[in-house]
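I have placed the structure first, in the form of structure tokens, so that the comments after it can refer back to it.
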Amino acid sequence: MTKIIDLRSDTVSKPGEEMRRVMAEAEVGDDVFSDDPTVNRLEALAAERLGKEAAMFVPSGTMANLAAVLSHTRPGEEVVLGDRAHIFNMEAGGAARLGGLQMRVVRNLADGGLDPGEVAEVLRKETMHSPGTGLIALENTHNFKGGTAVPVASVDALGELARAHDVPLHMDGARIFNAQAALGVEAKRIAHACDSVSFCLSKGLGCPVGSLLCGSEEFIERARRYRKMLGGGMRQAGIIAAAGVYALENNVDRLAEDHANAALLAEGLGKHEAFRTNQPQTNIVMAEIVRGDAGDWMRKLKDAGVLAVMSGPQRMRLVTHINITRTDVELAVSRIDTILEGVAV
Ligand code: TLP
């Protein structure tokens, strides 16, 4: 049987034996009463790793971002964020629907950051006529820009601007530990200028579920109420939090492996004229399809046991993760080579 190499996302990874063991053995309590010792441990560890006073465990990255956005703003305000931001494009418009917020997009730069000058131009105070800026949001690493690690200096510059205008700054750090590995800078330093930062356990860190939102104690207190409102108050959540503790202690340093595998994959794809790939800084390969039809390519890859997703009309996204070995990448590349030998594109 053909081995399926699933590169659709790092979210598809499955927990290994050791992670499942710590989950099965986790000490639990009712987290809505703040009684779950494993959740409390995970939250303390997350806050420490991100250099913030407190953290809150939530089911998903989407809920972490939404709870952050709701906690920072009032309905009718404006959120300034990148045109390729996950919050803007992929979170079902929750900030608009549930927060009554207006999204004001500025261009995402090639490195996933935002130009402080362009952000400064759109910041505004509430008047009789105009909404005021309630929040600025960044993303690091930047998913749709190809897993780019936004440089610390760029985050700091936006932090300075945000502070000068008395506007909070949130970082969607779903893959911040990939940024840590790519930049060689601790996650807490990367997020230093941000008032809040979210990160996911269920992506590169290999957990089945879960994300964290980190910030000041007072901010997290407010966010807990929004989590409850959104239906994210979980009970014996220590079962899943245990996976997070395990991942933060064991799966962070290995992320560089995923990055090396992504580089190998991009090189293998890029040698064909049919594709133009990014040079991945982290675990996301973007391949622009310059010859042939994208849907056709996806079908051929799937038939060969290589799964990817579309990320634009003529762009495929392939993501490496904890369940993908170097041998899997070599196998995927050789299958793609074989497809290309057989087709005139
Ligand atoms: N990203 C998913 C898809 O939604 C595209 C993926 O496969 O990459 N922020 C960023 C930067 C993300 O990439 C994602 C998920 C989220 C937030 C949302 O996380 P979840 O899926 O846990 O709600």
Trypsin sites (Lys or Arg not before Pro), restricted to the range 182-226: which are DSSP loop and have at most 10 other Cβ atoms within 10 Å? none
Suppose a student asked you for the relative contact order of the chain, using Cα pairs under 8 Å spaced at least 6 residues apart; what percent would you report? 24 percent
Centre separation in Å (Cα based) which lies between the range 163-193 and the range 289-345: 32 Å
Length released on extending from Arg8 to Asp166, taking residue separation times 0.36 nm less the Cα-Cα span: 52.9 nm
Within the range 49-87, find all residues whose amide N lies under 20 Å from a label point positioned 7 Å from the Cα of Thr127 along Cα-to-beta-carbon. 76-80
So if each residue of separation counts as 0.36 nm, and I subtract the Cα-Cα distance between Ala260 and Arg225, what length gain in nm does that give? 8.5 nm
At 1.4 Å probe size, put Met90, Met316 in order of accessible surface, largest to smallest. Met90, Met316
Cross-link list Lys3/Lys52; Lys188/Lys300; Lys3/Lys271; Lys188/Lys271; Lys3/Lys228; Lys188/Lys302: which exceed 31 angstrom alpha carbon to alpha carbon? Lys3/Lys52; Lys188/Lys300; Lys188/Lys271; Lys3/Lys228; Lys188/Lys302
Cα gyration tensor shape of the chain, rounded if a/c is under 1.5, else prolate or oblate by comparing a/b with b/c: oblate
When the helix-only estimate is applied to the chain (DSSP H runs of n ≥ 4, each -39,500 (n - 2.57), divided by the residue count), what is the mean residue ellipticity at 222 nm, nearest 500 deg cm²/dmol? -12500 deg cm²/dmol
For the range 106-245, shape from the Cα gyration tensor axes a ≥ b ≥ c, cut at a/c of 1.5 then a/b versus b/c, turns out oblate
Accessible area of the range 74-189 belonging to carbon and sulfur atoms, whole % at 1.4 Å probe: 52 percent
Between Arg326 and Ser34, what length comes free when the chain is fully extended (0.36 nm per residue of separation minus the Cα-Cα distance, one decimal in nm)? 100.9 nm
In the range 254-341, what percent of the accessible surface is made up of carbon and sulfur (1.4 Å probe, ligands and nucleic acids excluded)? 50 percent
How much accessible area per residue does the chain have, counting only protein heavy atoms and a probe of 1.4 Å, in square angstrom? 43 Å²
Glu118 accessible area, nearest 10 Å², 1.4 Å probe? 50 Å²
Of all DSSP beta bridges in the chain, what percent run antiparallel (nearest 5)? 55 percent
At R0 = 51 Å the Cβ-Cβ FRET efficiency linking Ser216 and Met1, nearest 0.05, sits at 0.45
What is the magnitude of the charge dipole of the range 254-341 about its Cα centre, with +1 placed on the Cβ of each Lys and Arg, -1 on the Cβ of each Asp and Glu, and no other charges, expressed in debye to the nearest 20? 180 debye
Most fluctuating residue given options His142, His165, His321, as computed from a GNM of the chain linking Cα atoms under 10 Å: His165
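The values are calculated or read from the model by the stated rules, or taken from the named source; none is laboratory data. Quantities reported herein were computed from a predicted structural model and do not represent experimental measurements. In this analysis, Cβ positions are derived from the backbone assuming ideal geometry, glycine residues included, and neighbour counts consider all displayed protein chains. Ligands, DNA and RNA are stripped out before the accessible areas are found, and what is left, the full protein with its side chains, is counted by its heavy atoms. Shrake-Rupley method; radii C 1.70, N 1.55, O 1.52, S 1.80 Å.
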